[in-house]
Structure formats: C-alpha cells, structure tokens
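Let me begin by presenting the structure, written as structure tokens, before commenting on it.
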C-alpha cells in the first residue's frame, strides 16, 4: 500500500504537493469514492483511482521532459474554467499525447519557457522554494528607468505587502516605438510570486509592455519559437536534478509546432 500523493507522483499525474491539493479539492476518487483524507493509501495493482474523472492506470509511464515556448494568451494549467487555450492544447497541436503537467506557472499574457513532464519527483524538486531556482525574463518596459530605480529592484521592493528577494537587473538596450522610448531589461529572480516581474516594474513606474521568460535554472533556448516544443536532452534533465550525466548528450528531438 502506498500513500496516494506518492502514488500519483510515481504514476506521472502530479507532484506530491499538487496531488495533496487535488485530494483537498475533491478531485481524486478511490474505488468510486471521493478521497477525503490526505494520508489515504492505495494498491495500484488492485484499486481503481480516478483524477478529474479520468482513470489512472497502474503502470508508471516512461519519463519524458518537454520544453515549450509558451505563447502569450495560453494558460499554464491542464484545464481552465474559462475555457481559454491551455499548454495541453499547445501540446496536442504539436501531436504530443500523454498525461503531462506544467512545472510551475507562467502568466497568461507572458510568453516564454515552461517545462512539462510526467515525472512528479523532478517537478517537486524544480518547484520547491528551498531550491530557489533562478528564472530570467526579458521585459520591455515603458520609458527609461533611472539607475537608482534599477538598484531598488536589485535590492528588493515591496509588492503585496512583502519584500522581494534581491534580483539581477540589466538594462540591455533602448528602443524607439510609436509608444515612445522603451527599455529592454533582463530580470533574474529566485522566487515565483503571482505576476511578480510585472508588479516589480510597476513599483518603479515603468510598466511592462511585453514579457518573455528566457531561462529556467540551467535551461535556455533562444531558438525555440513561440508555440514550439522539444524534448529536453539528457544533460539538461541531469542539470535540473543537480547532477551530472556520464553518458553522451542525446540530441534534442526536432521542435514541434
């Protein structure tokens, strides 16, 4: 017998923390009954388990790790009550099937890199706050921030009543547009609050016009276009785990669009 949260993680349904959330929300059934206790255990060889009404088979799937350049206007969840386009819709459009779930979140109106996998343990590692995984964003903001404003962002600003952790901020270039002068900033943070980068820029009076995530920890791919998906290489997965791989790097599969 295995605790349900651990079992759902092993079967590629969700990380343990997300599995606990699914149970709390009444979305997990065991042998036809909604699970009410977080510590409930199950036997995958005998018990019938459903999540959101979908039967979960007992055999663990082959682990797969995908990198997507999420377009703006797509939600980074498996489903959306407002019926907006989701990252699973993007996968489906690329001909990719399977029970994948996104690792972390990316705002609806933000473009950029997001990892999807059926490996709950890796997802848990990547998203757990204690690892403070860096994420880099390219932000196009209104106007030209003064150096003292950029320094405020580097030290930390207060948003939603809490001070942000120190960040790396680089003013890369200025661009002239019909809206006037805009600045391109590289912003690297180690936390993932809701709409954090946008709120940080709002706090110094230079709102974001366009936002794109360009790096997740050791993972970067500037050639991956919006709406494209590829498999992570063995070395990229090992880097996410914080280990080295002794085998030769597997060439990433061609990007899907």
What number goes with the only condition from (1) under 19 Å from residue 123 (Cα atoms); (2) touching a strand residue (DSSP E or B) at 6+ places or on another chain (Cβ under 9 Å); (3) part of a helix (DSSP H, G or I) that residue 9 does not pass? (2)
Out of 208, 184, 157, which single residue is surrounded by fewer than 20 Cβ atoms within 10 Å (Cβ to Cβ), in contact (Cβ under 8 Å) with a residue 40 or more places away in the chain and in contact with a helix residue (DSSP H, G or I) (Cβ under 7 Å, 6 or more places away or on another chain)? 157
Looking at the range 106-128 only, could you name the residues that are modelled with pLDDT under 90 and surrounded by 14 or more Cβ atoms within 10 Å (Cβ to Cβ)? 118, 119, 120, 121, 122, 123, 124, 125, 126, 127
Failed criterion for residue 15 (all others in (1) at pLDDT below 85; (2) more than 20 Å from the chain's Cα centre (by Cα) hold): (2)
Yes/no for residue 179 being exposed (fewer than 12 other Cβ atoms within 10 Å of the Cβ) and not assigned by TED's automatic domain parsing to the domain that holds residue 235: yes
Whether any residue in the range 139-162 is assigned by TED's automatic domain parsing to the domain that holds residue 195, closer than 27 Å to residue 207 by Cα, within 21 Å of the chain's Cα centre (by Cα) and in a loop (DSSP other than H, G, I, E, B) is what I want to check. no
Could you check residue 200 against (1) at pLDDT below 95; (2) within 22 Å of the chain's Cα centre (by Cα) and say which number it fails? (1)
Name the single residue, out of those in the range 228-244 being touching a strand residue (DSSP E or B) at 6+ places or on another chain (Cβ under 7 Å) and assigned to a loop (DSSP other than H, G, I, E, B), that is nearest to residue 117 (Cα to Cα). 232
Please go through the range 126-143 and pick out each residue that is without any contact (Cβ under 8 Å) to a residue 60 or more places away in the chain and touching a strand residue (DSSP E or B) at 6+ places or on another chain (Cβ under 6 Å). none
Taking the range 163-181 on its own, how many of its residues are in contact (Cβ under 8 Å) with a residue 12 or more places away in the chain and in a loop (DSSP other than H, G, I, E, B)? 5
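The values are calculated or read from the model by the stated rules, or taken from the named source; none is laboratory data. What you see is a predicted model, and the numbers here were worked out from it, not measured in a lab. In this analysis, Cβ positions are derived from the backbone assuming ideal geometry, glycine residues included, and neighbour counts consider all displayed protein chains.
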